Amino acid sequence: MTRPTLIVMVKEPRPGRVKTRLGKDIGMTASAWWFRHQVARLLRQLRDPRWRIVLAVSPDAAIASPVFPRDLPRIPQGRGDLGQRMARAMRHADHGPVCVIGADIPGITRSAIWRAFRALGNHDAVFGPAFDGGYWLVGLHNAAAVPAGLFDGVRWSTEHALSDTVATLGAARVAYIDRLRDVDTAVDLP
């Protein structure tokens with residue numbers, strides 16, 4: 001059996017290029033510092049033999065960045081909106097269950113990731129809702145069958161992102177796991 005794949009969407013932590021909304025509140029250097037340390041902590045915490053971790057890196061040229069652990073496979077995110085980049089990353093995964101997460105959610109745990117993969121045993125898709133109406137995790141039962149148009153028409157960075165994405169799945173069986181908070185502004189910092 002193929003191990004499930006957990007794809008972590010990461011950006012190279014450069015001031016002014018990552019967590020810019022947070023940077024408006026605490027400064028661009030501080031927000032890049034926070035993100036760099038959040039990613040390192042998250043990746044240490046999520047290592048687990050039950051799944052394979054792959055980093056989807058932006059910008060593409062940062063794929064060789066020494067900031068990220070050398071032992072983790074990396075793929076470029078490529079061009080396009082968030083949905084296009086997530087769909088591309090999902091299609092890159094091995095056949096079998098795949099989940100994609102953002103790296104700016106301090107509350108992610110191994111047990112939450114495992115609940116998502118277990119939910120894909122009898123559901124077509126799984127979501128980890130965020131408090132702002134978006135989601136911190138999206139997963140599919142089979143990476144080889146990422147639906148065309150999965151993220152078409154999604155209003156990203158709005159309270160409609162989750163409902164818009166679920167609507168693209170039609171009659172698919174959808175599961176939901178833990179509701180978590182992502183960090184967009186200083187108010188969101190733990």
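The values are calculated or read from the model by the stated rules, or taken from the named source; none is laboratory data. Keep in mind that this is a model prediction, so the values were computed, not measured. Quick reminder, even Gly has a Cβ in these numbers, built from the backbone with ideal geometry, and neighbours come from all protein chains shown.
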Quick check: anything in segment 90-107 surrounded by 15 or more Cβ atoms within 10 Å (Cβ to Cβ), in a helix (DSSP H, G or I), in contact (Cβ under 8 Å) with a residue 24 or more places away in the chain and among the hydrophobic types (A, V, I, L, M, F, W, C)? yes
Take the residues of segment 42-52 that are in contact (Cβ under 8 Å) with a residue 24 or more places away in the chain and of a type in the set (Lys, Arg): which is surrounded by the most Cβ atoms within 10 Å (Cβ to Cβ)? 52
Against the definition (at pLDDT below 95, closer than 27 Å to residue 37 by Cα and crowded, with 23+ Cβ neighbours inside 10 Å), how does residue 116 come out, yes or no? no
By residue number, the members of segment 168-190 that are among the β-branched types (Val, Ile, Thr) and over 13 Å from residue 137 (Cβ atoms) are 168, 183, 185, 187
Can you give me the number of residues within segment 164-190 that are in a helix (DSSP H, G or I) and either surrounded by fewer than 13 Cβ atoms within 10 Å (Cβ to Cβ) or among the aromatic types (Phe, Trp, Tyr) (or both)? 2
Residue count, segment 139-149, condition touching a helix residue (DSSP H, G or I) at 6+ places or on another chain (Cβ under 8 Å) and either in a strand (DSSP E or B) or at pLDDT 95 or above (or both), comes to 2
Conditions: (1) in contact with a Pro (Cβ under 6 Å, 6 or more places away or on another chain); (2) free of Cβ contacts under 8 Å to residues at least 24 places away in the same chain. Residue 135 meets all but one. Number of the miss? (2)
Looking at segment 143-158, is at least one residue among the acidic types (Asp, Glu) and more than 19 Å from residue 21 (Cβ to Cβ)? yes
Tell me, yes or no, whether segment 19-34 has at least one residue that is in a loop (DSSP other than H, G, I, E, B) and under 15 Å from the mean Cα position of the chain (by Cα). yes
Filter result (in contact (Cβ under 8 Å) with a residue 40 or more places away in the chain, under 22 Å from residue 60 (Cα atoms) and not hydrophobic (A, V, I, L, M, F, W, C)) within segment 18-35: 19, 21
Among the listed residues 180, 162, 169, 140, identify the single one that is in contact with a Cys (Cβ under 9 Å, 6 or more places away or on another chain), under 16 Å from residue 126 (Cβ atoms), touching a residue at least 12 places away in the same chain (Cβ under 8 Å) and not β-branched (Val, Ile, Thr). 140
Only listed residue being over 14 Å from the mean Cα position of the chain (by Cα) and within 20 Å of residue 179 (Cα to Cα), chosen from 119, 148, 144: 119
